[in-house]
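Below: the structure, in structure tokens.
What follows is calculated from the coordinates using simple rules that are stated; it is not laboratory data. The structure displayed is predicted, hence computed values, not measured ones.
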Amino acid sequence: MKDTPSAPSDALLALLEAQLGLDAVRVEQHLVEDLGLESADLVQLVALVEEEFGIVIPEEALPRLHTVADLLAFVPQGR
């Protein structure tokens, strides 16, 4: 199922796994505590997600991005 992501959540998880070099990322994981991202990493990751999904995540939203689910909330579900 992960070979061809069909849902936006699958696509985001696959993107994070590839970018971070991890085998399994879950939506409930914390970006900093669980995945080890630092501020600069988060900014780069947000830019990558914006490019991949053709979206804009407002800069003021960055401090509210704590989990993968928080990031997923910005990804259009009809993709």
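Classify the chain as rounded, prolate or oblate, taking a ≥ b ≥ c as the square roots of the eigenvalues of its Cα gyration tensor: rounded when a/c is under 1.5, otherwise prolate if a/b is larger than b/c and oblate if not. Before the final figure, lay out each step's value.
Values: a/c = 1.67, a/b = 1.16, b/c = 1.44.
The shape class here is oblate.
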Give, in nm to one decimal, the length gained when the segment between residue 24 and residue 50 is fully stretched (0.36 nm per residue of separation minus the Cα-Cα distance).
7.2 nm
Relative contact order (%) - the chain, alpha-carbon pairs under 8 angstrom, separation at least six
38 percent
Whole angstrom only: what separates the Cα centroid of the range 14-43 from the Cα centroid of the range 48-79?
13 Å
